[in-house]
Every structure is written in structure tokens, then in C-alpha cells.
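Engineer: Okay, here's the structure, questions in a sec.
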Amino acid sequence: MSDAVLDVRGLRTRFGPEKGGLVAVDGVSFMLRRGRTTALVGESGSGKSATAQSIMGLIDPPGRVTGGQVLYRGQDLLTLDEAAMREIRGARIGMVFQDPLTSLNPALSIGSQIAETITAHEDVSHAEAQRRAVQLLEHVGVADAARRAADYPHHFSGGMRQRALIAAAIACRPEIIIADEPTTALDVTVQAKILRLLHDLQQEMGASLLLITHDLGVVAAMADEVAVMYAGRVVEQADVDTLFHRPGHPYTRALLSCVMDIGDGRDTPLNPIAGAPPDLRTPPPGCRFAPRCPMAEAACLSWQPQDIAVSATHTVACRRVAEVLQDG
Amino acid sequence: MADALPFRLRHWRLSAFLRDHAAVAAAAVLLIVAALAVFAPWTGAGDPYEANNALRNAPPGAGGHLLGTDQQGRDMLARLFWGGRVSLAVGVVPTLFASVIGLALGMLAGFARGIADQIIMRTLDVLFAFPMVLLAIAVAGVLTPGIVTEIVSITIVLIPYVGRLARTATLGVTSMPYIEAARAAGATQSAIVLRYVLPNVFSPIVVYATTLMGLMIVVGSGLSFLGLGVQPPVADWGAMVSDGRIVLRRAPHVTLLPGVVILAVSLAFNFLGDGLRDALDPRTARR
């Protein structure tokens with residue numbers, strides 16, 4: 001498909017030493033379309049953040065990307081050297097982090113930090129960068145931006161800090177924004193505002209958004225396409241409506257049934273997924289969800305997962321997908 | 001508060017410091033002591049070397065000597081002023097040198113990790129293994145005694161202390177998400193070191209160095225006492241204390257006066273360090 005801005009193919013990332021390490025991202029493929037939002041969903045430890053770090057080339061040794069491709073405008077980012085990658089980071093791909101409290105340098109004023117991103121990529125004067133930083137702060141909804149640009153991160157509330165981080169991420173008008181759990185550390189009321197902001201900015205800039213989250217509510221509100229990750233692999237990919245209405249993987253179904261509905265009475269039991277995600281140092285040999293799967297058969301334990309296409313835009317890595325969908 | 005100037009810049013740092021009355025008092029004490037030492041020849045305190053055999057161990061006030069005389073009949077006040085030149089130089093200069101060198105080495109070790117880290121830190125560990133004074137004696141013993149030797153030896157002694165602290169602080173800072181965020185924003189290595197690591201490592205080093213200054217006055221005094229620092233008859237607070245111990249019973253002021261000065265200056269450096277910590281850490285600043 002030609003409108004892919006970012007095409008991740010078979011990405012594989014491992015952490016730790018060769019022996020005793022683990023493969024955190026194991027053959028992950030997905031696509032980010034121009035101006036659209038792809039959500040990467042999964043529990044903690046499913047490899048969502050590691051995927052984002054791999055795309056950005058931010059995996060620290062002894063961890064490393066061992067395979068796959070990250071194609072951006074036909075160029076494989078994994079083959080770029082550090083200097084070339086630096087020109088992509090912040091300029092072409094902006095990133096918003098989970099914890100706005102610790103993602104800002106406490107020793108630098110908010111305005112300077114945003115200006116820092118600008119001067120790193122553009123040949124502008126310090127004063128000009130500062131001026132643009134103020135505009136950006138205004139743009140992301142920080143009141144009295146000219147004055148607040150001189151403030152330090154600890155003067156800002158959580159939501160305001162996240163706005164500042166977003167301002168820094170969009171400072172060079174990137175084509176791609178990667179938001180790693182952007183609202184997890186925030187109050188619910190603030191979450192909605194930050195999501196709204198991200199959405200508006202994305203629309204306005206025509207940027208593509210890779211939204212990493214464990215929150216299905218956020219997915220429903222924001223995403224066009226969804227990739228569900230479990231234990232380092234993508235188990236299901238679909239557009240958002242299909243995923244919510246016709247989930248094809250037992251894990252996706254289990255995730256959806258974990259979501260509480262306000263209409264549920266107190267007597268409605270919660271449906272937590274039994275068991276715990278596997279230890280990735282010793283992953284299950286077959287389907288990784290099989291040990292927890294209510295539909296697992298003996299064959300699942302040795303089945304090498306592959307993406308089964310349900311439709312042109314819906315793939316499921318479950319050998320019993322037909323039965324899952326029938327059951328639907 | 002909220003209606004401050006459009007760009008407050010760093011004014012609040014100074015104001016945070018000024019709110020700390022102990023630190024302000026300490027800074028004032030140190031400034032006065034330093035001024036008296038630097039301008040000793042013009043204070044009218046007289047000649048610190050002029051011995052008056054007729055008036056030895058005179059108590060304060062006797063014979064026109066405001067603070068009395070020592071066991072050789074030299075004016076105590078003049079010797080304290082002149083001694084301050086040596087003692088403050090020995091306290092401040094090596095600490096500054098060691099802070100700059102130790103900060104650079106520690107940050108390099110903590111940021112580069114790997115082989116550079118190993119080489120730097122193991123070398124510092126070797127220096128660290130020696131007791132502080134013993135190492136200073138060893139270095140001072142190789143060179144000719146004098147104030148330069150004293151400064152060099154104390155600098156070498158202090159580098160591992162500052163280096164370790166700087167490395168630990170650097171490791172803490174480099175694991176913070178804002179470093180990753182800076183990388184994700186395309187910052188260069190040098191920008192990360194200078195704009196992100198250094199400012200966050202700086203304040204603990206400044207605070208530590210400030211408190212070390214008080215201690216180094218005492219160490220420098222010890223070296224003088226052992227004959228490895230400044231040589232008599234040059235005055236030095238530590239040397240004055242050690243000289244006075246012989247006449248401690250007859251003329252306690254000869255020992256006590258420089259002792260009190262060392263105590264006061266050391267305390268002042270410590271209070272100053274506390275005040276600087278609060279003023280330099282943006283998180284402790286109020287709006």
C-alpha cells in the first residue's frame with residue numbers, strides 16, 4: 001500500500017546478553033498510514049515500548065535490534081548510522097513519552113527545552129528558537145506562554161508538562177508522532193484533553209500517529225488501525241471497528257472482556273485473564289497465549305503462529321480464528 | 001509571585017539563597033575573613049614575623065596586641081590575618097582544581113561506561129585506597145615543601161572523592177527518561193552532556209566541594225604541622241594551632257584563637273554548602 005509512511009517488517013529486538021537474554025520484540029510487522037493513527041495495544045511487557053524504541057534507534061546495548069526492517073520513505077532506518085538517525089529523530093519522527101514528570105530536564109526551562117529540539121535540527125538563532133518555543137506552547141494550549149516558557153518543569157502540572165513535551169515533539173513538524181502511553185501518568189480529566197490535543201495536532205499537520213497504549217478506551221477514541229501485541233508478537237491487526245466488533249484472536253477477546261462497562265451492575269463479575277504473561281526468557285514454544293487461552297488445544301502449544309488473513313485488512317495469528325469468529 | 005517579570009531567568013536562584021539566613025551569614029563571614037586575609041598588609045595589623053622576646057605568650061590586650069602574642073612574641077592578630085592567606089588558599093584552590101578535574105573524569109566515566117569507565121575508576125580507586133593524609137604526605141614528600149606542593153598534593157587527594165560522586169550522579173542522570181527524550185528529539189551527544197547531564201550533576205558537586213573546603217583547611221594544617229606544607233615562619237592557622245600546643249597551659253589563646261577561626265570557617269563553608277544546594281536545585285525553589 002502506497003500511503004504507508006512507516007512500514008515495520010519483521011522487527012526483532014533482544015535485550016540482555018546472548019545467553020540468558022530475551023527477545024522483547026519478535027517479528028513485529030505493522031504499517032503507519034499517512035495522516036492516520038495506528039494503535040499498538042498490549043499489556044505491560046508485551047514489547048510495545050521496545051518496538052517504539054527500536055524504531056527510533058534508542059535501544060541501548062547490550063540490547064539490540066537483530067532483524068527486520070523499519071521503512072520510512074523507502075529507507076530502512078535500521079541501516080542508518082547514528083548521525084543520520086539523529087536527523088530523523090525529533091525532526092521527522094517526534095516522540096512523546098509516558099512520564100511527563102521525568103521526561104523533562106529539571107535543570108532547563110521549558111522554553112529552552114523546546115528550543116533545544118529546534119536548534120538541533122534547524123539553523124536558527126537561539127532567540128528565534130525561543131520565540132518559536134513560545135508559539136508552540138501557545139499552540140498546545142499553555143496559557144500565558146511567553147511567561148511560562150521561562151518556567152522550569154517543576155513549576156508545571158502533569159498535564160501542562162505533557163503539553164510541553166508534545167510541543168517539543170511537534171516543534172519540527174514531524175511526519176510521524178510516536179506517543180508512548182502519553183496519558184497513562186495523567187488524571188482522567190486531563191487524559192481526555194491531551195488526547196484531544198494530540199488528535200487535533202495530528203489532523204492539522206497531516207501527521208501519522210503511532211499510539212502505544214494499554215487502554216482500550218483510548219484506542220476506541222483515537223485509532224484508525226490497531227495492532228494487538230502479546231509477549232513480543234502481534235497477535236491481531238485490524239481497523240478499529242473490526243477489532244472491537246469482530247475480534248478474531250482469543251487474547252483480543254479476553255482484553256475486551258476485561259473492560260468494565262459503566263452499565264454493568266456490581267454483580268457483573270470482572271473477567272480477568274487467568275494466569276500471567278509468559279517469561280520471555282523462556283517463551284512457550286507454540287502460540288504464546290496458548291497457556292492462558294480458553295480455547296487452546298494440544299496442537300496450539302506447538303503451532304508456529306502465522307498471520308491468517310480474515311480480510312484484506314484483518315489478520316489474526318490464531319489457528320482457530322474461524323471458530324473464534326463463528327463464536328462471536 | 002505570579003506577577004513577576006516576564007522573564008525571571010535565574011533570579012529565583014539568588015532569592016532562594018537569600019532566604020537562607022544561615023547561608024547568607026556564612027557567606028558574609030567567609031567574605032570578611034577572605035578580605036582580611038587578602039588585605040592583611042593594609043589592615044594595620046602589623047608584621048606577623050616581628051618577634052618580641054620581651055612579650056611572649058601575652059594574653060589578649062596586653063602591650064597593644066589586641067589578641068595577644070604567641071610563644072615567640074609575635075602579634076596573634078597579624079598572624080591570623082596572614083595565616084588566612086595560606087589556609088584559605090589551601091582550602092579553596094585545590095578543591096576548585098579537584099572539582100573541575102574530578103567532575104570531568106567522573107562524567108566521562110559515567111557517560112562513556114565500558115572501558116573508559118573501568119580505566120578511570122580503577123585508577124581513582126588506587127588513589128582512594130590510600131588514607132587521605134598519607135597520600136598527601138606521599139605526594140608532598142616527593143616535591144619540595146611549600147604552598148604549591150601543598151596545593152598539588154591536596155588536589156590529587158581530592159580528585160577520587162569528587163570523581164566518584166560525579167560518576168554516581170552521572171549514572172543517575174543518564175538513566176532518567178529525559179535523557180532518552182533528548183535523544184529521541186535528536187540531541188547530539190555533546191548537547192546531552194553539556195545541557196542535560198552537566199547541569200543536573202553540577203549542584204551536588206558544588207555542595208560537596210564547598211563542604212570539602214572547610215575540611216581541606218584542616219588537612220592543609222596537618223601537612224604544615226608535618227613540615228610538608230608551608231615552612232616556618234610563614235603563618236598558617238593549622239601551624240599556629242600546633243605551635244601553640246607547647247604553651248597550651250600557660251597561654252591557651254595561642255592555640256584557641258586559630259582553632260576557633262578554623263572551626264568558624266569550616267562551619268561557614270558547610271552552611272554555605274547547604275544554602276547553595278537549596279539555591280542550585282530548581283526543584284526546591286518556590287515560585
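The values are calculated or read from the model by the stated rules, or taken from the named source; none is laboratory data. Owing to the predicted nature of the structure, the values given are computational and were not obtained by experimental measurement. Note that we place each Cβ from the backbone using ideal geometry, even for glycine, and neighbour counts take in every protein chain shown.
Engineer: Can you go through B:Ile115, B:Ile151 and tell me which one is within 13 Å of B:Met216 (Cβ to Cβ) and in a helix (DSSP H, G or I)?
Structural biologist: From the options B:Ile115, B:Ile151, the qualifying one is B:Ile151.
Engineer: Let me ask you something else. Is one or more of the residues making up region B:175-183 more than 21 Å from the chain's Cα centre (by Cα) and within 24 Å of B:Ser221 (Cα to Cα)?
Structural biologist: No, there is no match, as no residue in region B:175-183 is more than 21 Å from the chain's Cα centre (by Cα) and within 24 Å of B:Ser221 (Cα to Cα).
Engineer: Also, quick follow-up: Which condition number in (1) within 13 Å of chain B (Cβ to nearest Cβ); (2) under 30 Å from A:Met160 (Cβ atoms) is the one that A:Gly42 fails?
Structural biologist: Looking at each condition in turn, A:Gly42 falls short on (1).
Engineer: Test of understanding: among A:Gln191, A:Gln162, which residue is closer than 19 Å to A:Phe97 by Cβ, of a type in the set (S, T, N, Q), at pLDDT below 90 and under 23 Å from the mean Cα position of the chain (by Cα)?
Structural biologist: A:Gln191
Engineer: Further question: Condition check: surrounded by fewer than 18 Cβ atoms within 10 Å (Cβ to Cβ), of a type outside the set (D, E, K, R) and more than 19 Å from the chain's Cα centre (by Cα). Does A:Gly35 satisfy that?
Structural biologist: Taking the combined requirement at face value, the residue does not satisfy it.
Engineer: Of these, A:Asp76, A:Asp26, A:Asp60, which one is among the acidic types (Asp, Glu) and within 13 Å of chain B (Cβ to nearest Cβ)?
Structural biologist: Sole residue among the options that is among the acidic types (Asp, Glu) and within 13 Å of chain B (Cβ to nearest Cβ): A:Asp60.
Engineer: Moving on to the next point. Which ranges mark the helices (runs of 4 or more DSSP H) fully within region A:138-221 that have 1 or more residues being β-branched (Val, Ile, Thr) and within 14 Å of another protein chain (Cβ to nearest Cβ)?
Structural biologist: Helices (runs of 4 or more DSSP H) meeting the threshold: A:158-169.
Engineer: Would you mention how many residues in region B:228-268 are under 16 Å from B:Trp82 (Cα atoms) and of a type in the set (Gly, Ala, Ser)?
Structural biologist: The qualifying residues number 5.
Engineer: Tally up the residues in region A:113-125 that are within 17 Å of B:Ala185 (Cα to Cα) and more than 8 Å from chain B (Cβ to nearest Cβ), please.
Structural biologist: Here the count works out to 8.
Engineer: Moving on. If a residue has to be polar (S, T, N, Q), part of a helix (DSSP H, G or I) and in contact (Cβ under 8 Å) with a residue 12 or more places away in the chain to count, how many in region A:104-137 make the cut?
Structural biologist: Of the residues in region A:104-137, 4 are polar (S, T, N, Q), part of a helix (DSSP H, G or I) and in contact (Cβ under 8 Å) with a residue 12 or more places away in the chain.
Engineer: Determine, yes or no, whether B:Met121 is closer than 30 Å to B:Ile192 by Cα and touching a helix residue (DSSP H, G or I) at 6+ places or on another chain (Cβ under 7 Å).
Structural biologist: Judged against the criteria, B:Met121 is a match.
Engineer: Test A:Gly47 against the stated conditions and say whether it is closer than 25 Å to A:Val228 by Cα, within 14 Å of chain B (Cβ to nearest Cβ) and of a type outside the set (A, V, I, L, M, F, W, C).
Structural biologist: no
Okay, residues lined up against (1) under 29 Å from B:Leu198 (Cβ atoms); (2) within 14 Å of chain B (Cβ to nearest Cβ); (3) in contact (Cβ under 8 Å) with a residue 60 or more places away in the chain:
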residue: A:Leu32; (1), (2), (3): no, no, yes
residue: A:Arg36; (1), (2), (3): no, no, yes
residue: A:Thr66; (1), (2), (3): no, no, no
residue: A:Tyr72; (1), (2), (3): no, no, yes
residue: A:Arg89; (1), (2), (3): yes, yes, no
residue: A:Phe97; (1), (2), (3): yes, yes, yes
residue: A:Thr102; (1), (2), (3): yes, yes, no
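Engineer: Restricting attention to region A:279-307, which residues are part of a loop (DSSP other than H, G, I, E, B), within 20 Å of A:Val23 (Cβ to Cβ) and hydrophobic (A, V, I, L, M, F, W, C)?
Structural biologist: Matches in region A:279-307: A:Leu280, A:Cys287, A:Phe289, A:Trp303.
Engineer: Another one. Being in contact with a Leu (Cβ under 6 Å, 6 or more places away or on another chain) and crowded, with 22+ Cβ neighbours inside 10 Å is the requirement here; does A:Ala50 meet it?
Structural biologist: no
Engineer: Just to be sure I understand, how many residues within region A:225-243 are in contact (Cβ under 8 Å) with a residue 24 or more places away in the chain and either among the polar types (S, T, N, Q) or surrounded by fewer than 17 Cβ atoms within 10 Å (Cβ to Cβ) (or both)?
Structural biologist: 3
Engineer: While we're looking at this one, here's another question. Pairs, please: C-beta under 7 Å, at least 6 apart or cross-chain, first residue basic (Lys, Arg) and in region B:42-62, second assigned to a loop (DSSP other than H, G, I, E, B)?
Structural biologist: The qualifying pairs are B:Arg56/B:Gln71; B:Arg56/B:Gln72; B:Arg56/B:Gly73.
Engineer: Any residue in region B:154-169 that is within 24 Å of the chain's Cα centre (by Cα), assigned to a helix (DSSP H, G or I), within 14 Å of chain A (Cβ to nearest Cβ) and surrounded by 17 or more Cβ atoms within 10 Å (Cβ to Cβ)?
Structural biologist: The answer is yes; a qualifying residue exists.
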